[in-house]
Amino acid sequence: MNGEEYITKEKHKELSDELEYLKKTRRKEVAEQLEYAKSLGDLSENAEYHEARDVQGMVEDRINKLELILKSAIIVASPRSTDVVALGSKVTVVREGDKNEKVYEIVGGEESDLANAKISVHSPFGKAVIGKKKGQKFSYEAPSGSITYKIINIK
């Protein structure tokens, strides 16, 4: 994976929608806040003006990031094969020495969300599990040391 970002069609639409909202709506709102803040006078001690400038900077940074992601993103479909773990796979694993099975979805970096069991393909776990088959074991280095999992199922 050569620095490219992989995203699903759904995530592409979500990011496109966010970009459109930021460009068409949020930019205008921030510009209006700036105009109002300027009308309050002395800009050197004008908290509203400085806050609006900060918000403007954050909005522009997000717009730039979204444009970069969308321009270079590779849209992936759900995997057709459940023989090997690929981007978009839902993989059921069990950690060595543990009985509890966990299900993780392997996703692109922009979609990773550990709270929802979405693991980035760029993470140590993601890199280690890609290309593995059901029944296979794999290990990766975590800050606490080497961790080994066994693949129970792939969807």
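The values are calculated or read from the model by the stated rules, or taken from the named source; none is laboratory data. The model shown is predicted, which means the values in this text are computed figures rather than measured ones. Cβ: placed from backbone, ideal geometry, glycine included. Neighbour counts: every protein chain shown.
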Just one listed residue, out of Lys23, Lys11, Lys102, is surrounded by 11 or more Cβ atoms within 10 Å (Cβ to Cβ) and in the same structural domain as Thr148 (by TED's automatic domain parsing), and it is Lys102
Which residue is surrounded by the fewest Cβ atoms within 10 Å (Cβ to Cβ), if the candidates are limited to region 65-88 and must be modelled with pLDDT of 90 or more and not assigned by TED's automatic domain parsing to the domain that holds His12?
Val84
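Residues are listed down the side, and each one gets a yes or a no for (1) over 18 Å from Ile7 (Cβ atoms); (2) in contact (Cβ under 8 Å) with a residue 12 or more places away in the chain:
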site: Lys71; (1), (2): no, no
site: Val76; (1), (2): no, yes
site: Thr82; (1), (2): yes, yes
site: Thr92; (1), (2): yes, yes
site: Gly97; (1), (2): yes, no
site: Ile106; (1), (2): no, yes
site: Glu110; (1), (2): no, yes
site: Ser120; (1), (2): no, yes
Tell me whether region 27-34 contains one or more residues that are exposed (fewer than 12 other Cβ atoms within 10 Å of the Cβ), free of Cβ contacts under 8 Å to residues at least 12 places away in the same chain and either under 29 Å from Lys150 (Cα atoms) or not charged (D, E, K, R) (or both).
no
Residue count for region 19-72, restricted to those that are under 19 Å from the mean Cα position of the chain (by Cα) and polar (S, T, N, Q)
2
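Can you go through Ser112, Ser39 and tell me which one is among the polar types (S, T, N, Q) and exposed (fewer than 12 other Cβ atoms within 10 Å of the Cβ)? Before you say what the answer is, go through the steps one by one.
On the way: Ser112 fails: exposed (fewer than 12 other Cβ atoms within 10 Å of the Cβ).
Selected residue: Ser39, the only one of Ser112, Ser39 that is among the polar types (S, T, N, Q) and exposed (fewer than 12 other Cβ atoms within 10 Å of the Cβ).
Test Ala37 against the stated conditions and say whether it is of a type in the set (A, V, I, L, M), out of contact with any helix residue (DSSP H, G or I) (no Cβ under 7 Å at 6 or more places or on another chain) and either in contact (Cβ under 8 Å) with a residue 40 or more places away in the chain or closer than 17 Å to Gly57 by Cβ (or both).
On the way: of a type in the set (A, V, I, L, M): yes; out of contact with any helix residue (DSSP H, G or I) (no Cβ under 7 Å at 6 or more places or on another chain): no; either in contact (Cβ under 8 Å) with a residue 40 or more places away in the chain or closer than 17 Å to Gly57 by Cβ (or both): yes.
Spelling it out, it is not the case that Ala37 is of a type in the set (A, V, I, L, M), out of contact with any helix residue (DSSP H, G or I) (no Cβ under 7 Å at 6 or more places or on another chain) and either in contact (Cβ under 8 Å) with a residue 40 or more places away in the chain or closer than 17 Å to Gly57 by Cβ (or both).
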Which listed residue is of a type in the set (Gly, Ala, Ser) and in contact (Cβ under 8 Å) with a residue 40 or more places away in the chain, from Gly145, Gly131, Gly126
Gly131
Residues of region 101-121 being in a loop (DSSP other than H, G, I, E, B) and out of contact with any Leu (no Cβ under 9 Å at 6 or more places or on another chain), which ones?
Ser112, Ala117
